[in-house]
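The structure appears below as structure tokens.
The values are calculated or read from the model by the stated rules, or taken from the named source; none is laboratory data. Keep in mind it's a predicted model, so treat the numbers as computed, not measured. As a convention, Cβ positions derive from the backbone with ideal geometry for all residues, glycine included, and neighbour counts pool all protein chains shown.
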Amino acid sequence: MRKLLSSLALGAAVLAAAPASAVTVIETSAGNGNAAIPFGLTNSQISVDFDIYQTSPISLLFGVEQGDADAYNFDSLVSVFTGVGPQANGLRRLRLSLTDGATFTLGTVTPSFSVAGVQMNAAGNQVDMMFDPAENVAVELGSFDGTNGDFIINRGNIAPGGTFNLSVASAVPEPASWLMLITGFGLLGSVMRRRKAKALLLA
Amino acid sequence: MADIDIGRRGLLKSGSLGAFALAAPLGGLMATQASAATGANGEQTSLAPSPYGPVAPTTDLNTGLKLLQLPAGFSYRSISWRGDLMSDGQRVAPAHDGMAVVQVTGGRVPEHVLIRNHEIGFGTPQLVVGNPNGSYDTTAAVGGGCSVLRVRNGVVTDHRQAIASTAVNCAGGMSLWNSWLTCEETNVAASASNLTHGYVFDVNSDPRRTVAQPIVEMGRFPHEATASDPVTGYVYLTQDQRAVSGFYRFKPTSQVRAYGELLKGGTLQMAKVIGVDKANLLALRSETQPSDIGTVGESLPIEWVDINTPDASATTITEVGANNPRTREFNVAGPFAEGRAKGGLRMARGEGIWYDGNGTFYKVDTAFGYNSSGTSAANGRGCVWAYRPSRSNPDIGMLTLIYATSDPVVGNNPDNITVSPRGGVVYCEDGGTPVDQFGRGERMMGLTPQGEVYILVKNNIQLSSAQLSAMGRTGHPFSPNPGDYRSSEFAGACFDPTGRTMYVNSQGPGITFAITGPWSRGNL
């Protein structure tokens, strides 16, 4: 189950496997047992799963290729191993970030056991997800059954040959900052499990 | 015999466990039996603090009801209640009992395949839809069986009947081929059909492939649970019959590990203490009470005697002997009578058994000890044994008493038992409803690496008519009735292979729970 992939080996494998017209992973950074497993990369789709053992960030540098669509559907299974790994606090917060002008359109957030609050910053390049109670199994981002519910990564002005970074941070905020995060920004909405309320959050 | 050449009490007294050393966490258990929480004979006398902290009523994320008391940080979902509509068009049967995650399937999102017993004797039979071979005793109103559940991230994606028309399916155990060995905890004949009961059946995770044919050579007796040894392929078996329970194993004839292979037969054997004829392991020995076990931590070398007639009918034997705390005439299962005559040991009431993946089988005796007045053995508060088969000589092994208590608040009749992927032991209790610092309610207990039990979960199920109606769980004969179910036992505890989700049943009203949380704060 645990997929420990070194960043260089992972990048090389993906480069070798990806079709010429698909977005590519140029570099992966994942430490402390965390892992990123991209397996569905096309010119319009980015599917990357994350295994999180500790609250250190994972980042992937994507290269835009000729023929890529202006936007990619994005979905991910974030497997939370903190409850059985060396860090026992569970997942309280997950932050997705984009660089170089790429932006998100929100999709569904479906934690296995918890309830999620989701917010996106004004620039559209950072999504914070908060889980109460802490999630200890997994969080599904987007839909695995098709594109309905997927997040959208808009590449903006990044031309073919350019790059952008997608990072996942699972830092557990201190209680004070946690409270500030909730009250300062306000929750866009609470996303229950997709089966109970199939919600597509829009920014 | 080289790796078993130690005295009965050699493990603890020598301080050197040698080749038969018990690996952690059992090694940890043995090292600390003389702690403040134990009496002179090693019995635990007070509850240990939980490494997960105190429990408190916690909201079910599916119903909004506070059905369980859990430590802070843990959450759960209730699934597959009795009376819920299943994927095969039938309703979930009541009396949820033994269970295991027998398989993990799926792609990006793993799907846990669980097979769950329903401990029903005579009642309304279910069907295995599309598979007439999935039912056993169809001419009698035998209502027991199993259901198979597919659970994806705490949500049931499919559940259906997996075997039907078997009787009193109490517990069972995983096979070595992703199926479930379900145990009939009875040995009565079904009068209408003249088919006998008290067998083990192999239940396929695909109900269309289940063949409800008893594995007769595993013996006919009130079976409780099984645990399979991945090294030898032997299946260890417990018996739940007060004061006349043996400890058995089955050596399959076929070396092929596939569904249906156990039906090719094998040899049933019963455990015997080496050098002790007809050992009595019903309670601890004292100055006035005889027994062949004296203290928690004591180990007994074990050999196995063949049972030549595993399908023999029940009979009567008379228990006698100087070291026997319970001497009288007993009606016993046929295999027990034969094994006992050959010197086999007896226990109080065998219950759960689980292999830890590291060479140790944890085995429960729910009634080990004396009653509160100290007059009747095999009526106590229970114990946990650890059996380690020798890897150099599979015909022998070592049985060690790792936990016992006579205090009903400390331990209240352990029943089903499981081991987490990280090696922590959890068991479900099934005694009279305990009242402890967290109030009234049946419990799940953890065993610390120091060998002391702590409270992990408490039953808090209290259902009103209005709550059941609001959930839509009314109107069918299998639908739950309103009531206070805090006295209902937990059963079927098991972990998924990653150790992130623990599943467990409450037998009444019949609910399965998926529990998750910060397991690594403690030893589970």
In the set B:THR295, B:THR288, the lone residue that is within 26 Å of B:CYS428 (Cβ to Cβ), among the β-branched types (Val, Ile, Thr) and either without any contact (Cβ under 8 Å) to a residue 12 or more places away in the chain or surrounded by fewer than 24 Cβ atoms within 10 Å (Cβ to Cβ) (or both) is B:THR295
How many residues are farther than 30 Å from B:THR288 by Cα and either under 17 Å from the mean Cα position of the chain (by Cα) or among the aromatic types (Phe, Trp, Tyr) (or both) when one looks only at region B:353-395? 7
Among the residues of region B:181-201, is there at least one that is outside any loop (DSSP other than H, G, I, E, B), touching a helix residue (DSSP H, G or I) at 6+ places or on another chain (Cβ under 8 Å), over 19 Å from B:HIS112 (Cβ atoms) and modelled with pLDDT of 95 or more? yes
State all residues of region B:339-357 that are part of a strand (DSSP E or B), crowded, with 24+ Cβ neighbours inside 10 Å and not aliphatic (A, V, I, L, M); if no residue qualifies, say none. B:ARG346, B:GLY350, B:GLU351, B:GLY352, B:TRP354
Considering only region B:256-271, I want to know if a residue exists there that is among the aliphatic types (A, V, I, L, M) and under 19 Å from the mean Cα position of the chain (by Cα). yes
So B:VAL92 fits all but one of (1) of a type in the set (Val, Ile, Thr); (2) in contact with an Asp or Glu (Cβ under 9 Å, 6 or more places away or on another chain); (3) within 14 Å of chain A (Cβ to nearest Cβ); (4) buried (at least 21 other Cβ atoms within 10 Å of the Cβ); what number is the exception? (3)
Of all the residues that make up region A:140-163, how many are hydrophobic (A, V, I, L, M, F, W, C), buried (at least 22 other Cβ atoms within 10 Å of the Cβ) and within 14 Å of chain B (Cβ to nearest Cβ)? 1
Go through region B:343-358 and give me each residue that's touching an Asp or Glu at 6+ places or on another chain (Cβ under 9 Å) and not hydroxyl-bearing (Ser, Thr, Tyr). B:GLY343, B:GLY344, B:LEU345, B:ARG346, B:MET347, B:ALA348, B:ARG349, B:GLY350, B:GLU351, B:GLY352, B:ILE353
Selected residue (only one of B:ARG209, B:ARG160, B:ARG150, B:ARG220 is surrounded by fewer than 24 Cβ atoms within 10 Å (Cβ to Cβ), at pLDDT 95 or above and over 22 Å from B:ALA493 (Cα atoms)): B:ARG209
Answer from B:GLY432, B:GLY451, B:GLY423 - the residue that is more than 14 Å from B:VAL55 (Cβ to Cβ) and surrounded by 24 or more Cβ atoms within 10 Å (Cβ to Cβ): B:GLY451
Please work out which one of (1) buried (at least 19 other Cβ atoms within 10 Å of the Cβ); (2) more than 29 Å from B:PRO49 (Cβ to Cβ) is the condition B:GLY446 fails and give its number. (2)
Would you check if there is a residue in region B:64-77 being part of a loop (DSSP other than H, G, I, E, B) and more than 14 Å from every other protein chain (Cβ to nearest Cβ)? yes
Could you check, for region B:295-308, whether at least one of its residues is modelled with pLDDT under 95 and of a type in the set (D, E, K, R)? no
Among the residues that make up region A:177-199, is at least one of them modelled with pLDDT under 85, more than 14 Å from chain B (Cβ to nearest Cβ), in contact with a Ser or Thr (Cβ under 8 Å, 6 or more places away or on another chain) and not in a helix (DSSP H, G or I)? yes
In region A:121-139, anything charged (D, E, K, R) and buried (at least 21 other Cβ atoms within 10 Å of the Cβ) is listed as A:ASP128, A:GLU135
All positions within region B:95-119 that are surrounded by fewer than 21 Cβ atoms within 10 Å (Cβ to Cβ), in a strand (DSSP E or B) and of a type in the set (D, E, K, R): B:GLU111
Going residue by residue through region B:490-506, is there one that turns out to be in contact (Cβ under 8 Å) with a residue 24 or more places away in the chain, more than 14 Å from every other protein chain (Cβ to nearest Cβ), in a loop (DSSP other than H, G, I, E, B) and not aliphatic (A, V, I, L, M)? no
Taking region B:293-338 only, how many residues are assigned to a strand (DSSP E or B) and of a type in the set (A, V, I, L, M)? 6
Identify the single condition in (1) assigned to a strand (DSSP E or B); (2) away from every other protein chain (no Cβ under 14 Å) that B:GLN467 does not satisfy, given that it satisfies every other one. (1)
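Conditions (1) aliphatic (A, V, I, L, M); (2) within 30 Å of B:THR516 (Cβ to Cβ); (3) free of Cβ contacts under 8 Å to residues at least 12 places away in the same chain; (4) not in a loop (DSSP other than H, G, I, E, B), marked per residue:
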position	(1), (2), (3), (4)
B:THR400	no, no, no, yes
B:TYR403	no, yes, no, yes
B:GLY411	no, yes, no, no
B:GLY423	no, yes, no, no
B:VAL426	yes, yes, no, yes
